[in-house]
Amino acid sequence: MSRFKGSRSTAKLHWNEMDRTERKDAAQLVAGQEGLHIVSVGSPVPRRKQERARAKCLRALILELHAFGVTRLCLEAREKELNARDIHTVATVRQTALPKGTQIRADHTPGATEPLLWISDIVAGAVRAQRQGDSTYTDLLDRTLMDFDVVTDC
């Protein structure tokens with residue numbers, strides 16, 4: 001993943017800073033990896049209710065991940081307070097929406113220290129491009145991608 005960052009002065013890779021060729025190459029690299037990339041897409045997401053929408057998307061994502069037997073979720077670290085909100089969301093879903101005794105935990109890791117987190121940025125960028133009419137990248141991801149809509153009621 002580090003080769004896609006190249007000589008950029010940023011701490012991590014950003015889809016929005018890639019040109020069309022780099023995005024295509026990155027999507028092809030991600031498509032070649034084992035696994036399934038699951039994306040929850042929330043709408044609407046008003047500027048003032050982004051955290052509420054994020055929590056709803058995270059809840060839906062956890063339910064999907066549980067169905068695939070996932071027990072650990074690695075989230076990109078944000079501010080301390082926002083990380084705590086994510087952990088609260090995970091705990092609430094585990095207690096209220098999953099079978100009793102379900103083991104699923106979430107940890108936060110700084111994006112700059114874990115290039116594998118950049119895959120999420122690539123996949124999210126590809127899904128966003130597709131939602132805006134350009135399926136070039138999601139076509140490359142093909143069967144490694146599963147995305148679904150989340151109504152946020154925001």
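Any read-out appearing in this document is the output of simple, stated calculations on the displayed coordinates, not a laboratory observation. A quick note: this is a predicted structure, and the numbers were derived from the prediction, not measured. FYI the Cβ positions are ideal-geometry reconstructions off the backbone, even for glycines, and counts take in every protein chain you see.
Let me check I have the definition right: for region 2-151, take the eigenvalues of the Cα gyration tensor, multiply each by 5, take square roots. What are those semi-axes in whole Å, largest first? Working shown, then result.
Values: eigenvalues 136, 61, 51 Å².
Computed over region 2-151, the values are 26, 17, 16 Å.
How far apart, in nm, are the 7 Å Cα→Cβ label points at residue 28 and residue 103?
If labels sit at residue 28 and residue 103, their model points lie 4.1 nm apart.
Apply the Kirkwood formula to region 30-71: the hydrodynamic radius equals the inverse of the mean of 1/r over all pairs of different alpha-carbon atoms; give it in Å with one decimal.
One decimal place: 11.7 Å for the Kirkwood radius.
Does anyone have the angle between helix 20-31 and the longest principal axis of the chain? Alpha-carbon axes, 0 to 90°, nearest 10?
With both axes taken from Cα atoms, the answer is about 50 degrees.
Treating the angle as unsigned and between 0 and 90°, give the value, to the nearest 10°, between the Cα long axis of helix 50-67 and the longest Cα principal axis of the chain.
90 degrees
Rounded, prolate or oblate: pick one for region 82-127, where a ≥ b ≥ c are the square roots of the eigenvalues of its C-alpha gyration tensor, a/c under 1.5 means rounded, and failing that, prolate if a/b is larger than b/c, else oblate.
Taking the square roots of the gyration eigenvalues as a ≥ b ≥ c, region 82-127 is prolate.
Given the options 12, 56, 80, which has the most mean-square fluctuation in a GNM of the chain, springs set between C-alpha atoms less than 10 angstrom apart?
Of 12, 56, 80, the Gaussian network model singles out 80 as fluctuating most.
Choose one answer from 120, 40, 135: the residue with the largest mean-square fluctuation in a GNM of the chain with alpha-carbon springs under 10 Å.
135
Choose one of 91, 137, 14: the residue whose Cα lies farthest towards the positive end of the charge dipole of the chain (beta-carbon charges +1 Lys, Arg; -1 Asp, Glu; about the Cα centre).
After comparing all options, I get 91.
With a ≥ b ≥ c taken as the square roots of the eigenvalues of the C-alpha gyration tensor of region 100-154, please select rounded if a/c is under 1.5 and otherwise prolate if a/b is larger than b/c or oblate if it is not? Spell out each step's value before the answer.
On the way: a/c = 1.94, a/b = 1.33, b/c = 1.45.
Oblate, since a/c reaches 1.5 and b/c is not below a/b.
If you find the alpha carbon centre of region 130-154 and of region 52-87, how far apart are they in angstrom?
For region 130-154 versus region 52-87, the Cα centre distance is 19 Å.
May I ask for the angle, rounded to the nearest 10°, between helix 118-131 and the longest principal axis of the chain, with both axes built from Cα atoms and the value confined to 0 to 90°?
80 degrees
Please state the charge dipole magnitude for the chain, taken about the Cα centre, from unit charges on C-beta atoms (+1 on K and R, -1 on D and E), reported in debye and rounded to the nearest 20.
Details: 24 positive and 20 negative charges, 105 e Å.
The calculated dipole for the chain is roughly 500 debye.
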